[in-house]
Amino acid sequence: MKQVVTLPSPEDAERIEAQRRWVRDHFDEDARHLYEHRDEKLRLLQTILDAGWIDASEAVKLQCLGITLGDALVQELGLEWIMVEDEYGRDPAIRKPGTTVMAFPLTMISKRIERGEAVVVRDLYDGVADHVRRMASDREYQRH
């Protein structure tokens, strides 16, 4: 099956928001506004991982961290949330508008944790951001 890319449906957006809220609610209520800042998102992700609040077997919670990683990338790079459907299912992804450049942050953290790898959130973020920037500047990925 070929990949089908669409904007999130209301149900998709609701699910993404629930995953985002799960992470954001780790801030105290009076500090939740900090989620609006990219560096605070990344700091919160690292805190959650370092504190061991999520077991490697808790894929759904780990994927919530991926949504927040995606939010930080969207915020920094001017990306948009999309849905990608293929033979494996329908998942959220991020895309550079006007290009075919996509990334799948949902599982970027969970796959690493499940493999027993230590995750340095800032390093992961910087690597993905650099890769997206390089691809977005490559004419091969520009829509015609």
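FYI, it's all coordinate maths here, none of it is from the lab. For clarity, every value in this text was computed on a predicted model and none was experimentally measured. Counting neighbours? That spans all protein chains shown, and the Cβs are built from the backbone with ideal geometry, glycine included.
Summary table below
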quantity: Scope region 82-99; condition surrounded by 16 or more Cβ atoms within 10 Å (Cβ to Cβ) and either over 17 Å from the mean Cα position of the chain (by Cα) or among the hydrophobic types (A, V, I, L, M, F, W, C) (or both); matching residues; calculated: I82, M83, V84, A93, I94, T99
quantity: Selection from region 66-78 of residues that are over 11 Å from the mean Cα position of the chain (by Cα) and hydrophobic (A, V, I, L, M, F, W, C); calculated: L77
quantity: Matching option when the condition is buried (at least 17 other Cβ atoms within 10 Å of the Cβ), among the hydrophobic types (A, V, I, L, M, F, W, C) and over 17 Å from D130 (Cα atoms), among L44, L79; calculated: L44
quantity: Residue check, T107 among the hydroxyl-bearing types (S, T, Y), within 16 Å of Q63 (Cα to Cα), touching a strand residue (DSSP E or B) at 6+ places or on another chain (Cβ under 9 Å) and in contact (Cβ under 8 Å) with a residue 24 or more places away in the chain; calculated: yes
quantity: L73 touching a helix residue (DSSP H, G or I) at 6+ places or on another chain (Cβ under 7 Å), aliphatic (A, V, I, L, M), surrounded by 18 or more Cβ atoms within 10 Å (Cβ to Cβ) and within 29 Å of E11 (Cβ to Cβ); calculated: yes
